[in-house]
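Here, each number is a calculation from the coordinates, and none is a lab measurement. Because the structure is a prediction, the values reported are computed rather than measured. Note that each Cβ is placed from the backbone with ideal geometry, even for glycine, and that neighbours are counted across all protein chains shown.
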Amino acid sequence: MEKDPVSVVFHPMSTIVTIERGATVLEAVRRAGIQFESICGGKGECNKCKVIYVRGPCDIGTPDSIKGLSEGEISFHYCRACQTHVLGDCEFTIPVESRIDSPRILHQHAIPALTFSPPVKKYLLPPSRAPAGAVGQRSVKLEGYTGTRPHMTRGQHDRLLAADGMLTVTVSTTPGYAEIIAIEEGDTTADNYGIAIDIGTTTVVGILIDLVRGTACAEASCMNRQITHGEELLTRIAGAKKPGGRERLRKAVVESINDVIAQLTKSSGIPVTSIHDACIAGNTVMHSLFLGRDPSVLELVNVEVSREPVIVRAEAAGLNINPQASVWCLPNVSRFIGGDAVGDVVASGLHRSGELSLLVDLGTNGEVIIGCRDWLASVSCASGPAFEGAGITCGMRAMRGAIDHVTIDPATGEVSYTTIENDPPRGICGSGIIDAAAAMAKAGILDFSGRFVEGKSGVRLGSDGPEYVMVTKERTATGRDIIITKQDLLYLMDSKAAACGAVGVLLKKYRLTIHDIRHVYLAGGFGEYADRRKLVTFGIIPAFPHVEFHAIGNGSVAGACAALLSTEKRNELVQVAKMMVYIDLLVDADFIEEYTAALYIPGKKEFFP
């Protein structure tokens, strides 16, 4: 097929992109940098990458292009972006349900108590008192500095000796030794900053920290540009295997981080050259892709993963901060327990407590950690993105118009709901799906196995079997019913069983019961927005009778902030990573048993007496 360039126009953003003839519409969307739903990464499995054909030559109407779409959608010229190819200059509209619009990104975090001792500090070098012209006789003694002689280049050494006026010298101990990373004229000791970054599978969050006063100056976030390459970690790994895929994914995440940095510096008025340190947390796959490493080894069961922090230069990493700044990446534990989970632990403080605690962070990937100050154990479960609103027929991210809370009157079957920013409903996000499932079970719309009960209010026969009408089309922003289908429930039950089964494995391995746990820490958006009672009602988390719940917010970025502010916290993060046991559920015999027992609402009697 001829590969000459063609133009593709996307409405309503009026974005024009040039791409090779024969490429998919999804490839054009990626090149245009449009934030767009593509849960499966272009494999033709999720039906989320819908666009509306306007004009121009393309292969819309082929079986693959319209597979899974409703008759109404087909009549309005909907097609699947990943399975539709552009054959000439084309125009498409991106419908409201396919856009990522004003997502609700969790910034809230609580930095744990620490001793303020940032690894990067500034020191004054007073004006020379040597006789004029006496080059080389200047004393290079930094005011207040008491460590070993810092490493420096020959050029830095000569500049320090030759200068007559006052200098400010920035010293970093991030590499494990003291080194000079910047020399400035005059007194700039008040201008020393660092950034803490959480690289999430879906979002990137950044905090700009004043390393002199120990305070936050600005917060910012954006969507991870990798999302159009797929939602799940295994999809990203598969994308990295393609020719040029690893570099595309690395570039996408670096551009996302630089977007956040640009927002931080613009809102604070602080120049990028004054940012002398960076700490980055993310899961093991995000960590590998950021560093440009091959993530395919993480597909191997029980693969050995280094638990040492990785340190790179900002310049080498491509970050738009002081080029000589070091980037300290929080240590990983295993193939799917990364620095973000280690940050969660340190942010929660469970590793310092004498009481048994459980930490749960359910997003695209689920992490569950149990322990106390004496021991820690972890598992990772493939909960899928269901708890973030993905993989569900009418599911969507937590953004404008998403149904986020649901109640159903058991007597009348009447549905009540709220939406983010009170916009007309476009779909249902993770907290809303959990609410809806728990409410349907309580109202008798679902039986104990998660199947629809025929004859109940709102249940009807759809094209793929029974489905539940949450909101009729007259009240939605899309002009189509918001429904929950039989397949949606199977996926949701699978996700909830994986999460509860993961908890069950840890309890069983360490011979614990629900009565032994005293604290449950819920991390991320899952913990911040989900109704804790519904988590138990639906059976995602056991009914612990003696626990105190704690929502810790974005523990990943909190851990990165702590690492920026304290050398001791960096050591603590490394210690936590090294002491944590990892149990790989893919090869664990107990997981199948616990998973199977959790495939009911709410679950096994020992967990829900």
query: When the helix-only estimate is applied to the chain (DSSP H runs of n ≥ 4, each -39,500 (n - 2.57), divided by the residue count), what is the mean residue ellipticity at 222 nm, nearest 500 deg cm²/dmol?
result: -8000 deg cm²/dmol
query: Roughly how big is the chain's charge dipole about its Cα centre, with Cβ charges of +1 (Lys, Arg) and -1 (Asp, Glu), in debye to the nearest 20?
result: 760
message: Less than 17 Å apart at the alpha-carbon level, and either on another chain or at least 8 residues along: which aspartates and glutamates does that give for LYS456?
response: ASP409, GLU414, ASP447, GLU467
query: Non-local amide H neighbours of GLY427 (under 5 Å, H modeled in plane, Pro and chain starts lacking H): which ones?
result: ILE403
task: Translational diffusion coefficient, Stokes-Einstein: compute it for the stretch 389-470 using the Kirkwood radius over C-alpha pairs as Rh, at 20 °C and 1.002 mPa s, and state it as an integer in µm² s⁻¹.
output: 166
- request: Quick one: check the C-alpha center-to-center distance for the stretch 185-230 versus the stretch 426-483, whole angstrom.
  value: 40
field: For SER380, SER306, SER256, SER457, order by how many other beta-carbon atoms lie within 10 Å, fewest first
entry: SER306, SER457, SER256, SER380
- prompt: For the chain, with the dipole built from +1 on Lys and Arg beta-carbon atoms and -1 on Asp and Glu ones, taken about the Cα centre, which of LEU249, SER274, GLY200 lies farthest toward the positive end?
  reply: SER274
- request: Based solely on C-alpha atoms, express the radius of gyration and the Dmax of the stretch 193-329 in angstrom.
  value: 15.0, 47
The stretch 5-98 - percent relative contact order, Cα under 8 Å, separation 6 or more: 38
- prompt: Amide H of TYR582: which non-local residues (sequence gap of 5 or more, or other chain) have their own amide H closer than 5 Å, using H built in the peptide plane?
  reply: SER378
task: For LYS141, go through the lysines and keep the ones whose alpha-carbon is under 20 Å away, minus same-chain ones fewer than eight residues off.
output: LYS121, LYS122
- prompt: From the cross-link list LYS43/LYS486; LYS67/LYS496; LYS442/LYS496; LYS48/LYS242; LYS67/LYS442, which pairs have alpha carbons spaced over 26 Å apart?
  reply: LYS67/LYS496; LYS67/LYS442
- line: Contour minus Cα-Cα span, ASP294 to HIS151, at 0.36 nm per residue, comes to 48.3 nm
query: By the gyration tensor of its Cα atoms, with a ≥ b ≥ c the square roots of the eigenvalues, what is the shape of the stretch 5-98: rounded for a/c under 1.5, prolate for a/b over b/c, or oblate?
result: rounded
Partners for LYS508 among lysines (Cα-Cα distance below 17 Å; same-chain residues under 8 apart left out): LYS604, LYS605
message: Please give the charge dipole size of the stretch 117-249, origin at the Cα centre, charges +1 on K and R Cβ atoms and -1 on D and E Cβ atoms. Round to the nearest 20 debye.
response: 480
- line: Taking a ≥ b ≥ c as the square roots of the eigenvalues of the Cα gyration tensor, with a/c under 1.5 meaning rounded and otherwise prolate when a/b exceeds b/c and oblate if not, the stretch 427-504 is prolate
task: Write down Rg/Rh for the chain, rounded to two decimals, with Rg from the C-alpha atoms and Rh from the Kirkwood relation over Cα pairs.
output: 1.02
field: LYS509-GLU474 pseudo-label distance in nm [points 7 Å out on the Cα-to-Cβ vector]
entry: 5.4
Fewest-first sequence of HIS519, HIS109 by Cβ atoms within 10 Å of each Cβ: HIS519, HIS109
- prompt: With charges only on Cβ, +1 for K and R and -1 for D and E, what is the dipole size of the stretch 309-391 about its Cα centre, in debye, rounded to 20?
  reply: 200
- prompt: Can you give the % of DSSP beta bridges in the chain that are antiparallel, to the nearest 5?
  reply: 70
